[in-house]
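Notes follow once the structure below has been shown.
The values are calculated or read from the model by the stated rules, or taken from the named source; none is laboratory data. What you are looking at is a predicted structure, and each value in this text was computed from that prediction instead of being measured. Here the Cβ positions follow ideal geometry from the backbone for every residue, glycine too, while neighbour counts run over all protein chains shown. What goes into the accessible areas is simple: the full protein's heavy atoms, side chains included, and nothing from ligands, DNA or RNA. Shrake-Rupley method; radii C 1.70, N 1.55, O 1.52, S 1.80 Å.
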Amino acid sequence: MSGGYDYEKSQFNRVTQAKRQPGSAFKPFVYLAALDSGYSPSTLILDAPFVIDQGPGLPKWRPANYTKKFYGPSTMRLGIEKSRNLMTVRLAQTVGMDKIGDYANRFGVVENMPEQLAMSLGAGETTLLRLTTGYAMLVNGGKKIRPTMIDRIQDRHGRKVFSHDLRTCRDCQVSFWTRQPVPLLPDLRQQLSDPASAYQIVSMLKGVIDRGTGRSIRSVGKPLGGKTGTTNKSVDAWFIGFSADLAVGVFAGFDEPRSLGRREQGASVAAPIFRQFMKEALAESTATPFRIPPGIRLVRVNAITGRPARSGEKKVILEAFKPETVLTGESQVL
């Protein structure tokens, strides 16, 4: 954790205290709510103009993609890989902001989030620690994680004074081995979402680095996933990502919010920091693939259309499906 430059100059911790808008870095929790509602990564969502009347005397709300273009029906995977705002808003309207707010609260990202569609694009405020912990829960199979700065404390005699891990292991304290089996610790972590849905999101976020807005990170050469985030006028820039066993969050912005630069975004400001950190952090590690939970079926599909791949077809990926959603590639949300 790096919460500032110099503690003598400022005691304000930007990791735990600075509440900022996450922008598109919030989108994975919108898509997770959809996957738990029966959608699949190949479900088609309409990428087209979206207008909402906000009421008397207020202008109409017209969200737009970063490119200011429309792409028609596109898969959910493409929506998150390319960070399409219009697809996300339309999906959030279909799934329901009440459910998305529940997921935001469940994963500890945003508490008591207003049920407004703008929140699906990351308009709610959160801290870097909260958002990074939320991503860690995704790659952890949807199981709850309680972040801590201290793992354990022992006195000078080696006696435990404090431990972050509250599990007990009666069979661990033995004097010597008598061919007894290795003790199994109970898993007390709360399951926050379907493990299959969590893996689908992890697979989609891996696609962000393989083909999407985080593709500059591919040079690390290890299986990684993550998501960029940029707010209006480039005030906040984020990249939250992970390997199979390490989650890392990067935020860039000024203490007094102002633009980082007209063309700056998470991909140009935060992603390079994440890339350099992971290169060094994983330099001595083997390439560990993401863990696939039971019940997931990997199917060869076209990366653009989401439909089952044909012989000789290019741009083919292995898509993660739940058994009941394998053949939903032609479905469409309007």
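Structure values in brief
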read-out: Qualifying positions in the stretch 312-329 - more than 20 Å from residue 207 (Cα to Cα) and either modelled with pLDDT under 50 or among the small types (Gly, Ala, Ser) (or both); value: 312
read-out: All positions within the stretch 224-248 that are under 15 Å from the mean Cα position of the chain (by Cα), outside any strand (DSSP E or B) and surrounded by fewer than 24 Cβ atoms within 10 Å (Cβ to Cβ); value: 243, 244, 245, 246
read-out: Residues of the stretch 1-33 satisfying the condition of being crowded, with 24+ Cβ neighbours inside 10 Å and aliphatic (A, V, I, L, M); value: 25, 30, 32, 33
read-out: Those residues of the stretch 184-212 which are farther than 18 Å from residue 106 by Cβ, open to solvent by less than 50 Å² (accessible area, probe 1.4 Å) and part of a loop (DSSP other than H, G, I, E, B), in sequence order; value: 212
read-out: Candidates 137, 113, filtered to the one that is in a helix (DSSP H, G or I) and either open to solvent by 60 Å² or more (accessible area, probe 1.4 Å) or under 27 Å from residue 45 (Cα atoms) (or both); value: 137
read-out: Residue match in the stretch 283-298 (condition: within 20 Å of residue 230 (Cα to Cα), open to solvent by 80 Å² or more (accessible area, probe 1.4 Å), touching a residue at least 12 places away in the same chain (Cβ under 8 Å) and aliphatic (A, V, I, L, M)); value: no
read-out: Conditions (1) under 25 Å from residue 123 (Cβ atoms); (2) open to solvent by 50 Å² or more (accessible area, probe 1.4 Å); (3) assigned to a helix (DSSP H, G or I): number failed by residue 274; value: (2)
read-out: Test: residue 259 is open to solvent by 40 Å² or more (accessible area, probe 1.4 Å), more than 30 Å from residue 71 (Cα to Cα) and of a type in the set (Ser, Thr, Tyr); value: no
read-out: Residue 173 vs. criteria assigned to a loop (DSSP other than H, G, I, E, B), at pLDDT below 95 and in contact with an Asp or Glu (Cβ under 8 Å, 6 or more places away or on another chain); value: no
read-out: Residue within the stretch 143-154 that is acidic (Asp, Glu), over 26 Å from residue 270 (Cβ atoms) and part of a loop (DSSP other than H, G, I, E, B) present; value: yes
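This table checks each residue for (1) hydrophobic (A, V, I, L, M, F, W, C); (2) open to solvent by 20 Å² or more (accessible area, probe 1.4 Å).
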site: 47; (1), (2): no, no
site: 50; (1), (2): yes, no
site: 58; (1), (2): yes, yes
site: 63; (1), (2): no, no
site: 69; (1), (2): no, yes
site: 76; (1), (2): yes, no
site: 84; (1), (2): no, yes
site: 93; (1), (2): no, yes
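Conditions tested, residue by residue: (1) touching a helix residue (DSSP H, G or I) at 6+ places or on another chain (Cβ under 8 Å); (2) hydroxyl-bearing (Ser, Thr, Tyr); (3) in contact (Cβ under 8 Å) with a residue 40 or more places away in the chain; (4) within 15 Å of residue 118 (Cα to Cα).
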{"residue": "12", "(1), (2), (3), (4)": "no, no, yes, no"}
{"residue": "19", "(1), (2), (3), (4)": "no, no, yes, no"}
{"residue": "26", "(1), (2), (3), (4)": "yes, no, yes, yes"}
{"residue": "29", "(1), (2), (3), (4)": "yes, no, yes, yes"}
{"residue": "36", "(1), (2), (3), (4)": "yes, no, yes, no"}
{"residue": "40", "(1), (2), (3), (4)": "yes, yes, yes, no"}
{"residue": "60", "(1), (2), (3), (4)": "no, no, no, yes"}
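One line per residue, one yes/no per condition, for (1) open to solvent by 80 Å² or more (accessible area, probe 1.4 Å); (2) under 26 Å from residue 229 (Cβ atoms); (3) free of Cβ contacts under 8 Å to residues at least 40 places away in the same chain; (4) of a type in the set (Ser, Thr, Tyr):
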residue	(1), (2), (3), (4)
125	yes, yes, no, no
129	no, yes, no, no
151	yes, no, yes, no
156	yes, no, yes, no
163	no, no, yes, yes
